[in-house]
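A quick write-up on the structure given underneath.
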Amino acid sequence: MDYIKKSLKLDNVCYDIRGPVLEEATRLEEEGYNIYKLNIGNTAPFGFNAPDEIIHDVMYNLKNAQGYCDSKGIFSARKAVMQYYQKKGIMDVEINDIYIGNGVSELITLAMQGLLDSGDEVLIPMPDYPLWTASVNLAGGKAVHYLCDEESNWYPDLVDIRAKINQNTKAIVIINPNNPTGANYPQEILEGIIKIAKENQLIIYSDEIYEKITYNKQKHCSIATLTDDVLVVTFSGLSKSHRIPGFRAGWMMISGKKYHAQGYIEGLNILSSMRLCSNVPSQYAIQTSLGGYQSIDELVLPGGRLKEQRDLAHKLLTDIPGISCVKPDAGLYLFPKIDTDLYNIKNDEQFILDLLIQEKVLLVQGSGFNWPKPNHFRVVFLPGEEDLKIALGRLHKFLNNYKQ
Ligand code: PLP
């Protein structure tokens, strides 16, 4: 009998990007199959390397990085992050407003643990990067999903956001640029969100991990640059833009109405101390990464590998009958819509599992991103052109035999 059970706190916590379908893929790999992995935004296996300067500086500082550091992070890293935001125009940011973490992931859970009591609600985009929903639920709060509208470039639906606010609502989360949709929000939408937050005294959490991976003329805008009278907590890091997800280097910056949040900030400091500090060697990559030449530009400009692969994957997908897809402006993912009247898809996890077993292609079902219908899935366009052609060609072939 299974008498050692997981805690009740985990009842509503799930992270399906690494869920049961991935377990089946691992089992198939152990049997010797080659799996085409279009499932996780992990740059390293696809030949995207970190700039040499980063590897050099981390190695150079390794000897100095043996001890614990200040629980909010080493001075040079926090100073570099502070100056990074000052240069964007946020003038009141101080070194104490910066927390370095083991990736943005650790800081998202920390920020939610520090805020929520039972019954508190947080507005989360739908679809979302599921760590947000999981972290709210783990912290004892309630994730309430607002619609990002596919018909409007996947931008947040401000009417839906307003409709979902009540006296328990504490905060609104935006993921900008978005995972999984690739939307890069224009200033009007961000201003609309600030207005709502101000009127309802909500904190804004802005996850900007893809801020440097934009493909079109419209560059990314950090919502924190547009307000000084709402509390904004901004998250970003080096995992994607500097191709070092394994180093675990991210940060959180608090700006705006800080003087009304001293209690919350004290809580964040306690939680930050409890994890002692974040991985010290990788913090030496932060100053190096934020200053100087930004090699990510080569990958996202016309002719750059990521931009080319985005275009190819988009074309291959939308050539399949019954599939449409808003072309992502940013990020590493496509979130296509599939016609469930044409294809035999009632349960999207089953569809993704059947594809994996038959064609050895691994995608993630839309419900893994808290999307309520079985009519979406996520495709990572990091694999090279040849692999994208093979994998999406197999999806096409598979769907020919998956009709109603
Ligand atoms: N936020 C979003 C939107 C992501 O897509 C990811 C990773 O895929 C993360 C946060 C986690 O990033 P990190 O590697 O900094 O923990």
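The values are calculated or read from the model by the stated rules, or taken from the named source; none is laboratory data. Owing to the predicted nature of the structure, the values given are computational and were not obtained by experimental measurement. FYI the Cβ positions are ideal-geometry reconstructions off the backbone, even for glycines, and counts take in every protein chain you see. SASA here: full protein model, heavy atoms, side chains in, ligands and nucleic acids out. Shrake-Rupley method; radii C 1.70, N 1.55, O 1.52, S 1.80 Å.
Using R₀ = 60 Å, calculate the FRET efficiency as 1/(1 + (r/R₀)^6) where r is the Cβ-Cβ separation of residue 401 and residue 265; round to 0.05.
Plugging the Cβ-Cβ distance into 1/(1 + (r/R0)^6) gives 0.60.
Treating the angle as unsigned and between 0 and 90°, give the value, to the nearest 10°, between the Cα long axis of helix 20-30 and the longest Cα principal axis of the chain.
The answer is roughly 70 degrees.
How large is the accessible surface of residue 342 in square angstrom, using a 1.4 angstrom probe and rounding to the nearest 10?
60 Å²
How many percent of the accessible area of the stretch 9-105 is carbon or sulfur, using a 1.4 Å probe?
Summing carbon and sulfur atoms, their accessible area is 50 percent of the total for the stretch 9-105.
Do the sum for the chain: with -39,500 (n - 2.57) for every DSSP H run of n ≥ 4, divided by all residues, what is the mean residue ellipticity at 222 nm, to the nearest 500 deg cm²/dmol?
Dividing the helical sum by the residues of the chain leaves -11000 deg cm²/dmol.
By how many degrees, 0 to 90 and rounded to 10, does the Cα axis of helix 280-290 deviate from the longest principal axis of the chain?
90 degrees
Is there a quick way to get the dipole size of the chain? I mean about its Cα centre, with the Cβ of Lys and Arg at +1 and of Asp and Glu at -1; what is the value in debye to the nearest 20?
360 debye
What distance in nm lies between label points placed 7 Å from Cα along the C-beta direction at residue 152 and residue 34?
It is 4.6 nm.
So what's Rg/Rh here for the chain, counting alpha carbon atoms and using the Kirkwood radius for Rh?
Rounded to two decimals, Rg over Rh is 0.96.
Keeping all protein chains in the complex and leaving out DNA, RNA and ligands, what accessible area do you get for residue 319 with a 1.4 Å probe, in Å² to the nearest 10?
It works out to around 80 Å².
Residues with amide H under 5 Å of residue 169's amide H, sequence separation 5 or more or different chain, H placed in the peptide plane at 1.01 Å from N; which?
121
Measuring from a point 7 Å past the Cα of residue 217 along Cα-to-C-beta, which residues in the stretch 320-355 have an amide N at less than 20 Å?
It comes to 327-331, nothing else.
Note the angle between two axes, namely the Cα long axis of helix 385-400 and the longest principal axis of the Cα atoms of the chain, as a number of degrees from 0 to 90, rounded to the nearest 10.
Roughly 50 degrees between the two axes.
Could you work out the local net charge near residue 189, counting Lys and Arg as +1, Asp and Glu as -1, over the other residues with Cβ closer than 12 Å to its Cβ?
-3
Can you tell me the FRET efficiency between residue 298 and residue 60 if r is taken as the Cβ-Cβ distance and R0 is 25 Å, rounded to the nearest 0.05?
About 0.55, to the nearest 0.05.
If R0 is 30 Å, what FRET efficiency do you get for residue 94 and residue 279 from their C-beta distance, rounded to 0.05?
0.80
Would you work out the relative contact order for the chain, in percent, from Cα pairs under 8 angstrom that are 6 or more residues apart?
22 percent
Nothing charged except the Cβ atoms of Lys and Arg (+1) and of Asp and Glu (-1): what's the magnitude of the dipole of the stretch 153-199 about its Cα centre? Round to the nearest 20 debye.
Here the size comes out at about 200 debye.
Can you give me the C-alpha center-to-center distance between the stretch 257-273 and the stretch 30-45, rounded to a whole angstrom?
What the calculation gives is 40 Å, centre to centre.
Leaving out ligands and nucleic acids, and using a 1.4 Å probe, what accessible area per residue does the chain come to in Å²?
Per-residue accessible area for the chain comes out at 43 Å².
Give the shape of the stretch 165-320 as rounded, prolate or oblate, defined through the alpha-carbon gyration tensor: a ≥ b ≥ c are the square roots of its eigenvalues, a/c under 1.5 means rounded, and otherwise the shape is prolate if a/b is larger than b/c and oblate if not.
The shape class here is oblate.
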